[in-house]
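One structure is given below, encoded as structure tokens.
Where a number appears in this text, it was derived from the coordinates with a stated rule and is not lab data. Note that the coordinates shown come from a computational prediction; the quantities given were computed from them, not determined experimentally. So basically every Cβ, Gly included, is an ideal-geometry build from the backbone, and we count neighbours across all protein chains shown.
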Amino acid sequence: MQGNPHLKHYMQHDVALGKCLVVGCGLGDDAHMLSQAGYDVTAIDISNSAIKWCQERFDGICINFLVQDVFELPDSLVGEFDFVFESLTIQSLPREFRTKMINAVTSLLAENGKILVIAHGVGEDKDPLGPPWPMKRSEFEDFDALGLKMLEFKMIEEETKISSYKFYALYQKS
């Protein structure tokens, strides 16, 4: 099992444990890593088969895996989390859904909660074919527009088939 290296970096510098949510949890490695660190973890994915696999892989480990469409969030999840981890999920949707997706994942944050977003990056003048569609720097302004405070933002050189760098963005709801 291998969790996201950018999430590992975050966890080495921020140890404020609490309730956290992993958006688009896939096979559950990031949720497991957070649980092992002491977080109270909920992990969501729209895929029934992914969630079933996670439940089987991590049977007996206290992680709440849920099949959940991020655009149809129940009230029980909204405003509940001290930390939200979103990696490569926003960019999996066409650009016309970005603002709606950013609103949805931000709505999960409790007061003073933090969200870490990892995304492949692309220049402002580019419009790559997808999916996925790497994010432009300007698309992160949606987090600012929602009143989140940017705590850290950096470009990380990382050559992949999708892009040559990733964005690492950490925000806090105040």
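Taking the longest Cα principal axis of the chain as reference, the axis of helix 48-57 is set at about 50 degrees. Estimated from the Cβ-Cβ distance and a Förster radius of 30 angstrom, the FRET efficiency linking residue 56 and residue 103 is about 0.40. Of 125, 59, 69, the residue with the greatest mean-square motion in the GNM of the chain, using alpha carbon springs below 10 Å, is 125. Across the chain, the longest piece that holds none of the trypsin sites (Lys or Arg not before Pro) lying in DSSP loops with up to 16 other C-beta atoms within 10 Å covers 1-125.
To the nearest ten degrees, helix 98-107 and the longest principal axis of the Cα atoms of the chain are 40 degrees apart.
Over the residues of the chain, the helix contribution to mean residue ellipticity at 222 nm works out to -7000 deg cm²/dmol, using -39500 (n - 2.57) for each DSSP H run of at least 4. Within the listed set 147, 60, 18, the Gaussian network model of the chain (springs between alpha-carbon atoms below 10 Å) gives the highest mean-square fluctuation for 60. For the chain, the Cβ-based charge dipole about the Cα centre amounts to some 200 debye (Lys, Arg positive; Asp, Glu negative; other atoms uncharged). Between 68, 12, 55, the GNM of the chain built on Cα springs shorter than 10 angstrom shows 12 fluctuating the most. Quick one: compute the contact order of the stretch 1-52, relative version, from alpha carbon pairs under 8 angstrom and 6+ residues apart, as a percent. Relative contact order for the stretch 1-52 comes out at 38 percent.
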